[in-house]
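Shown next, in structure tokens, is the structure this report addresses.
The values are calculated or read from the model by the stated rules, or taken from the named source; none is laboratory data. None of the values given here were measured: they were computed from a predicted structure. Here the Cβ positions follow ideal geometry from the backbone for every residue, glycine too, while neighbour counts run over all protein chains shown.
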Amino acid sequence: MLDPLAARRAPDGPSRDVYLTGTVFLDIIFTGLDSAPVRGTESWARGMGSSPGGIANMATALARLGLRTSLAAAFGDDMYGDYCREELEAGEGIDLSLSHTVPGWHSPVTVSMAYEGERTMISHGHEAPPRKAGAPEGAGSHGGAYDPEAPECPPPSAACVSSLVPGRAQEWIAAAARRGSRIFADVGWDETGRWDLAALAELPHCEAFLPNAVEAMRYTGTECPRAAAHALAQYVPLVVVTLGAEGAYAVDARTGEAAHVPGVAVEALDTTGAGDVFVAGFVTGSLAGWPLADRLAFAGLTAALSVQEFGGSLSAPGWPEIAAWWRGVGARGPHRTRYAFLERILAGCAASAPPRRAVPTLGFRPPEQPPG
């Protein structure tokens, strides 16, 4: 696998490139729906896939880009949990040494329905209990995975990725920042409706904040994504506002640089996890030291490639798919100038077997062998 950080690794550097913690869901995705389900009727989907979801979307996207990824998560001791653990650890090479299995706890599940370019989700699950009795408030806020008493938790890593939650403290982020990790964070919808930046207690510890356009404008009270990005740059060194099909806009408060890169047009099958893939691409480019506009372009490309496949985690592209795009339509199409930087990065990237993809069932039984 291509290692985008090979030239920047130091012998005494951390063994992990990225650490993250959160809840792993089993995702079941239905696609090919002509419209939203109607109450009292039965709808049939033309496509279906199953894959690890939740924080697994981000972890898999990072690992497929060659980053040494460590995930702390709670897994149920059911078949769903076994499947997700095997996919992430054996299938994707993600370090799960800081994860654990919770006896008697069932895995959270999300059913996602994709239609008309949008998706509707239904989830079920219960928060995992804290890993250790007597853990402080908020220790279990990511599925009981963060253990403040465990040695090196959070572990030394070049970067950490998190999703900020208004009014909900995540103690590990400040600890990771103090240890020198670069913090990259997005944010979810504010269910309280207050949209108060002060409620994002970990924002001062972040190097980069990556909200979407609606979130950025709500938090800043602005009516333009670019104005929102510049307003947020007063609070965090680097702001990236995602604009959907229109790409992304970024402001680096340290240098004053601003950049906008348009999106790559594709026919979307399922948008689940596209935001996670975008963040993973941006983190990869940041750790590799690429220029800001190249990081935006790369993140947008990885997200665009991901929506052409089922599911969140197993739709994330790897370097062979990125190389195939560049050596195919990329180098000959309208994006050839913007993505010319890929030629140097992909110089040593050879073709390989296609990555694992979401499938309708969790696993087929092996074929019976004929009697010998």
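Taking segment 201-257 as the range and being in a helix (DSSP H, G or I) and either among the basic types (Lys, Arg) or touching a residue at least 40 places away in the same chain (Cβ under 8 Å) (or both) as the test, the residues that pass are Arg218, Arg226.
Regarding segment 164-173, can at least one residue be identified that is of a type in the set (A, V, I, L, M), more than 30 Å from Ala10 (Cβ to Cβ) and either modelled with pLDDT of 95 or more or buried (at least 16 other Cβ atoms within 10 Å of the Cβ) (or both)? There is at least one residue in segment 164-173 that is of a type in the set (A, V, I, L, M), more than 30 Å from Ala10 (Cβ to Cβ) and either modelled with pLDDT of 95 or more or buried (at least 16 other Cβ atoms within 10 Å of the Cβ) (or both). The numbered conditions (1) surrounded by fewer than 20 Cβ atoms within 10 Å (Cβ to Cβ); (2) within 27 Å of Val187 (Cβ to Cβ) are all true for Ala90 except (2).
Looking at segment 63-84, can you tell me whether even one residue there is over 18 Å from the mean Cα position of the chain (by Cα), aromatic (Phe, Trp, Tyr), part of a strand (DSSP E or B) and in the same structural domain as Val109 (by TED's automatic domain parsing)? Before the answer, list the steps.
Filtering segment 63-84 for residues over 18 Å from the mean Cα position of the chain (by Cα) gives 75-83.
Next, from what is left, pick out any that are aromatic (Phe, Trp, Tyr): 75, 80, 83.
With the extra rule that they be part of a strand (DSSP E or B), the set shrinks to 75.
Imposing the further condition that a residue be in the same structural domain as Val109 (by TED's automatic domain parsing) reduces the set to 75.
Yes, some residue in segment 63-84 is over 18 Å from the mean Cα position of the chain (by Cα), aromatic (Phe, Trp, Tyr), part of a strand (DSSP E or B) and in the same structural domain as Val109 (by TED's automatic domain parsing).
Here is a check on your reading of the model: is Arg46 touching a residue at least 12 places away in the same chain (Cβ under 8 Å) and closer than 16 Å to Ala358 by Cα? Spelling it out, Arg46 is indeed touching a residue at least 12 places away in the same chain (Cβ under 8 Å) and closer than 16 Å to Ala358 by Cα. Only one of the numbered conditions (1) hydroxyl-bearing (Ser, Thr, Tyr); (2) buried (at least 20 other Cβ atoms within 10 Å of the Cβ); (3) at pLDDT 95 or above is not met by Tyr146, and that is (3). A search for C-beta distances below 9 Å between a residue of segment 317-341 that is assigned to a loop (DSSP other than H, G, I, E, B) and any residue that is surrounded by 19 or more Cβ atoms within 10 Å (Cβ to Cβ) and hydroxyl-bearing (Ser, Thr, Tyr), counting only pairs 6+ apart in sequence or on different chains, returns Pro317/Thr302; Pro317/Ser306. If you scan segment 258-279, which residues turn out to be touching a strand residue (DSSP E or B) at 6+ places or on another chain (Cβ under 8 Å) and touching a residue at least 60 places away in the same chain (Cβ under 8 Å)? Selection gives Val261, Leu269, Asp270, Thr271, Thr272, Gly273, Gly275, Phe278, Val279.
Would you mind stating whether Gly49 is buried (at least 22 other Cβ atoms within 10 Å of the Cβ) and in contact with a Phe, Trp or Tyr (Cβ under 6 Å, 6 or more places away or on another chain)? Outline the logic, then answer.
On the way: buried (at least 22 other Cβ atoms within 10 Å of the Cβ): yes; in contact with a Phe, Trp or Tyr (Cβ under 6 Å, 6 or more places away or on another chain): yes.
It is true that Gly49 is buried (at least 22 other Cβ atoms within 10 Å of the Cβ) and in contact with a Phe, Trp or Tyr (Cβ under 6 Å, 6 or more places away or on another chain).
Quick check: is even one residue across segment 298-311 under 22 Å from the mean Cα position of the chain (by Cα), among the aromatic types (Phe, Trp, Tyr) and within 20 Å of Asn212 (Cα to Cα)?
Initially, segment 298-311 is screened for residues under 22 Å from the mean Cα position of the chain (by Cα), giving 298-311.
When the remaining residues are screened for being among the aromatic types (Phe, Trp, Tyr), the result is 298, 310.
Retained after the next criterion (residues that are within 20 Å of Asn212 (Cα to Cα)): 298.
For segment 298-311, residues under 22 Å from the mean Cα position of the chain (by Cα), among the aromatic types (Phe, Trp, Tyr) and within 20 Å of Asn212 (Cα to Cα): present.
The requirement of being over 21 Å from Gly275 (Cβ atoms), under 21 Å from the mean Cα position of the chain (by Cα) and not in a loop (DSSP other than H, G, I, E, B) is fulfilled somewhere in segment 176-192, by at least one residue.
For Ser70, the criteria (1) free of Cβ contacts under 8 Å to residues at least 12 places away in the same chain; (2) in contact with a Lys or Arg (Cβ under 9 Å, 6 or more places away or on another chain) hold in every case but one, which is (1).
Could you check how many residues of segment 52-62 are assigned to a strand (DSSP E or B) and modelled with pLDDT of 95 or more? Even if it seems obvious, please write down each step before you answer.
Residues of segment 52-62 assigned to a strand (DSSP E or B): 52-54.
When the remaining residues are screened for being modelled with pLDDT of 95 or more, the result is none.
Going through segment 52-62 one residue at a time, the tally reaches 0.
Would a scan of segment 226-244 turn up a residue that is of a type outside the set (A, V, I, L, M, F, W, C), buried (at least 22 other Cβ atoms within 10 Å of the Cβ) and modelled with pLDDT of 95 or more? Checked segment 226-244: at least one residue is of a type outside the set (A, V, I, L, M, F, W, C), buried (at least 22 other Cβ atoms within 10 Å of the Cβ) and modelled with pLDDT of 95 or more.
Which of the numbered conditions does Val109 fail, given that it passes all the others? Conditions: (1) closer than 30 Å to Ile345 by Cβ; (2) surrounded by fewer than 24 Cβ atoms within 10 Å (Cβ to Cβ); (3) of a type outside the set (Lys, Arg); (4) at pLDDT 95 or above. Exception for Val109: condition (1).
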